[in-house]
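Everything on this sheet refers to the single structure shown next.
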Amino acid sequence: MINYNGNLIDKLDSNLLNRGFLYGDSVFETLKIINNRILFWEDHYLRLMSSLRIIRIEIPISFTPEFFENQIIQTFNKLSNDFSGRVRLSLFREGAGLYIPESMSPSFIIHCSIDENILFSTKKIDYKVDLYKDYYINDNILSNLKTNNKIINVLAGIYAKENDLNNCILLNYKKNIVEFLNGNLFLIKEDLIKTPPLSSGCLKGIMRKKIISYVKFFPQLSIIEDNISPFELLSADEIWITNSIHGIVPVSNYRKKTLSNKTAKIFIDFLNNKISKI
């Protein structure tokens with residue numbers, strides 16, 4: 001029996017007690033859809049399968065890229081025959097059990113929402129960020145996964161709201177920069193782009209992967225994956241937030257420092273050209 005906000009529900013008729021909800025025993029992908037096309041689907045699918053292996057959820061033979069692509073398309077077609085927006089594909093370990101699960105099989109949930117902003121934006125906006133130092137990210141492989149265990153991100157989001165910030169930068173226990181609430185971090189100083197390595201505990205982001213691979217098309221730029229201290233942010237020319245939905249969001253202000261978006265605009269135009277050909 002379940003009491004949900006004062007309403008009694010028969011446990012057998014409810015899926016409220018799934019392991020994703022109870023234990024965060026779940027991974028997910030957030031996908032950008034443009035005119036019924038899933039951006040970077042192969043990268044998302046491979047990351048999802050890798051995450052399932054790491055958290056020891058069995059992968060049914062039916063869970064092919066084509067299977068999930070068809071399920072995603074069937075879902076967003078209920079909203080529009082020419083869908084653009086975002087989709088979240090969540091997989092959780094099904095069955096009963098407490099900390100020791102009784103099953104290793106997965107179940108999945110797909111939900112979607114329409115977004116009319118098809119291309120990544122180049123418009124300059126005020127975007128203010130600061131450090132979040134109340135809690136820290138673990139620098140291990142589990143932090144690289146996109147799981148339901150995001151309480152630090154939520155608390156940092158509340159901190160941002162209370163302090164009139166648009167976002168916060170998360171740190172690990174070594175006090176190195178890890179990422180933003182909702183994306184990876186890139187720092188630009190002159191012609192060098194720098195981003196925290198996966199060993200920092202940052203998300204193994206799809207847009208992060210794409211930007212690292214695309215730098216080769218800009219011979220004037222170079223890129224390294226290396227630890228970033230908070231002090232380096234003060235001397236940066238640009239700071240970016242990157243994720244699959246928004247592409248690149250340039251930060252306008254870190255504390256009292258005003259930042260440029262010159263290189264970000266060049267990269268955003270490049271990304272928009274790329275996705276228009278997918």
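The values are calculated or read from the model by the stated rules, or taken from the named source; none is laboratory data. All figures in this text were calculated on a predicted structure; none of them were measured in a lab. Here the Cβ is made from the backbone with ideal geometry for all residues, glycine too, and neighbour counts use every protein chain on show. Areas reflect the complete protein model, heavy atoms only, side chains present, ligands, DNA and RNA absent. Shrake-Rupley method; radii C 1.70, N 1.55, O 1.52, S 1.80 Å.
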Per-residue HN-Hα couplings for the range 84-100, Karplus 6.51 cos²θ - 1.76 cosθ + 1.60 at θ = phi - 60°, whole Hz, x for Gly and Pro? 10, x, 10, 10, 10, 10, 10, 10, 10, 6, 8, x, 8, x, 9, 5, 9
Taking each pair of distinct Cα atoms in the chain once, what is the resulting Kirkwood hydrodynamic radius in Å? 20.2
Residue 265-residue 53 pseudo-label distance in nm [points 7 Å out on the Cα-to-Cβ vector]: 4.3
With a 27 Å threshold on alpha-carbon distance, the violating pairs from 210/277; 32/128; 133/216; 174/265 are 133/216; 174/265
Between the range 117-135 and the range 41-68, the Cα center-to-center distance that results, in Å: 30
Enter the accessible area per residue of the range 96-180 (Å², integer; probe 1.4 Å; all protein chains in place). 62
Taking θ = phi - 60°, what integer Hz values does the Karplus form 6.51 cos²θ - 1.76 cosθ + 1.60 yield along the range 165-172, in sequence order, with x for Gly and Pro? 10, 8, 6, 10, 9, 8, 10, 9
Report the label-to-label distance for residue 256 and residue 64 in nanometres (one decimal), using points 7 Å from each Cα along the Cα→Cβ vector. 6.1
Prolate/oblate/rounded call for the range 48-117, Cα gyration tensor, a/c under 1.5 rounded: prolate
Sparse-neighbour loop sites [GluC sites (Glu not before Pro); the range 10-102; at most 13 other C-beta within 10 Å; DSSP]: 58, 102
When the Cα centres of the range 195-231 and the range 232-278 are compared, how far apart do they sit, in Å? 13
Rounded, prolate or oblate: which one fits the range 113-195, using the alpha carbon gyration tensor with axes a ≥ b ≥ c (rounded when a/c is under 1.5, else prolate when a/b beats b/c, else oblate)? rounded
Test of understanding: what is the full-extension gain from residue 162 to residue 220, defined as 0.36 nm times their sequence separation minus their Cα-Cα distance? 16.9 nm
Near-label residues of the range 201-236 by backbone N, under 18 Å of a point 7 Å along Cα→Cβ of residue 274: 203-225
For the range 187-278, the per residue accessible area (1.4 Å probe, Å²) is 45
Picking from 195, 242, 122, which is most flexible by a Gaussian network model of the chain using Cα springs under 10 Å? 122
Between residue 204 and residue 1, Cβ-based FRET efficiency (R0 30 Å, step 0.05) works out to 0.15
Of the trypsin sites (Lys or Arg not before Pro) in the range 102-189, those whose Cβ has at most 16 other Cβ within 10 Å and which sit in DSSP loop: 123, 124, 150, 174, 175
Label model pair residue 30, residue 103: point-to-point distance (7 angstrom along the Cα→beta-carbon line) in nm is 2.9
Using the scaling law 2.2 N^0.38 Å as the reference, what is the normalised Cα Rg of the range 150-278? 1.02
³J(HN,Hα) computed for each position of the range 72-78 - Karplus, 6.51 cos²θ - 1.76 cosθ + 1.60, integer Hz, glycine/proline x: 5, 5, 4, 5, 6, 5, 5
Taking the Cα centre of the chain as the origin, how large is its charge dipole in debye, to the nearest 20, when only Lys and Arg (+1) and Asp and Glu (-1) carry charge on their Cβ atoms? 540
Qualifying chymotrypsin sites (Phe, Trp or Tyr not before Pro) in the range 53-124, DSSP loop, other Cβ atoms within 10 Å at most 15: 99
Using modelled backbone amide H atoms (1.01 Å from N, in-plane), which distant-in-sequence or interchain residues come within less than 5 Å of residue 127's amide H? 252, 253
Given the DSSP H assignment, sum -39500 (n - 2.57) over each helix run of at least 4 residues in the chain and divide by its residue total; what's the result at 222 nm in deg cm²/dmol, nearest 500? -7500 deg cm²/dmol
What is the gain in length, in nm to one decimal, between residue 213 and residue 141 on full extension, counting 0.36 nm per residue of separation less the C-alpha to C-alpha distance? 23.8 nm
Using a 1.4 angstrom probe on heavy atoms only, work out the carbon and sulfur share of the accessible area of the chain in %. 52
Given H placed 1.01 Å from N in the peptide plane, which residues other than close sequence neighbours of residue 223 have an amide H under 5 Å from its amide H? 193
